[in-house]
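The values are calculated or read from the model by the stated rules, or taken from the named source; none is laboratory data. Fair warning: this is a prediction, and the values are worked out from it, not measured in the lab. Glycine also receives a Cβ, built like all others from the backbone with ideal geometry; neighbour counts cover every protein chain displayed.
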Amino acid sequence: MSNANSLKTDTQFSVFLANKPGVLCRIVRQLAQHKVNILAMSMMDATEHGVLRIVAEKSKLARDTLDALDLPKTETTVLTSTLPNKAGAIADVVERLDQEHIQVHYAYCTSGSRNGKSLGIFKVSNINKAIQVLSERKPRRKSSATAIRATGRGRRK
């Protein structure tokens, strides 16, 4: 996380859907008609229902649009982070949170263009501490080989 500005909290909407054809289509069509830009979306299904998680550019507009559909939903504050689209980007975030004993309840991300950015969504146990941890710039550690060589040189006479 090289840029603290890439971290922020956002509202995630979890919409509970019946597993029937056309339900997802109805929701995303309604959001599109109301000019709600979806920043990230995840869909999970179970036997009888599905859970659609959405983070939108304008939360109030998304809330009003989803309310008009009269579907059961909840709102959750999540941590969003702009990530480089490269191997290890999510691992870096999760490892840093783990080192500070911050539990990641779930996470998902957008796909980014090649050499571009993606958006990571993280539901964590302590959002304020997570922002603090991920905003800190960590000094680069010297490799152990360099440390051994430096120690060896110090002992020469």
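Taken as a whole, the condition of being hydroxyl-bearing (Ser, Thr, Tyr), closer than 12 Å to Ala40 by Cβ and touching an Asp or Glu at 6+ places or on another chain (Cβ under 7 Å) applies to Thr80. Scanning the range 5-24 for residues that are in a helix (DSSP H, G or I) and either surrounded by 13 or more Cβ atoms within 10 Å (Cβ to Cβ) or among the aromatic types (Phe, Trp, Tyr) (or both) yields a count of 3.
The number of residues in the range 25-52 that are part of a helix (DSSP H, G or I) and either touching a residue at least 24 places away in the same chain (Cβ under 8 Å) or small (Gly, Ala, Ser) (or both) comes to 5.
In the set (1) assigned to a helix (DSSP H, G or I); (2) crowded, with 18+ Cβ neighbours inside 10 Å; (3) modelled with pLDDT under 90, the condition left unmet by Arg149 is number (2).
Can you find a residue that is among the aromatic types (Phe, Trp, Tyr) and surrounded by 15 or more Cβ atoms within 10 Å (Cβ to Cβ) anywhere in the range 99-109? Checked the range 99-109: at least one residue is among the aromatic types (Phe, Trp, Tyr) and surrounded by 15 or more Cβ atoms within 10 Å (Cβ to Cβ). Taking the criterion of being outside any strand (DSSP E or B) and not hydrophobic (A, V, I, L, M, F, W, C), the residues of the range 64-79 that qualify are Asp64, Thr65, Asp67, Asp70, Pro72.
Give the range 75-93 a look and list any residue that's aliphatic (A, V, I, L, M) and either touching a Gly at 6+ places or on another chain (Cβ under 6 Å) or crowded, with 16+ Cβ neighbours inside 10 Å (or both), or say none.
Val78, Leu79, Leu83, Ala89, Ile90, Val93
Taking the conditions (1) modelled with pLDDT of 90 or more; (2) farther than 29 Å from Leu31 by Cβ in turn, Ser59 satisfies each one other than (2).
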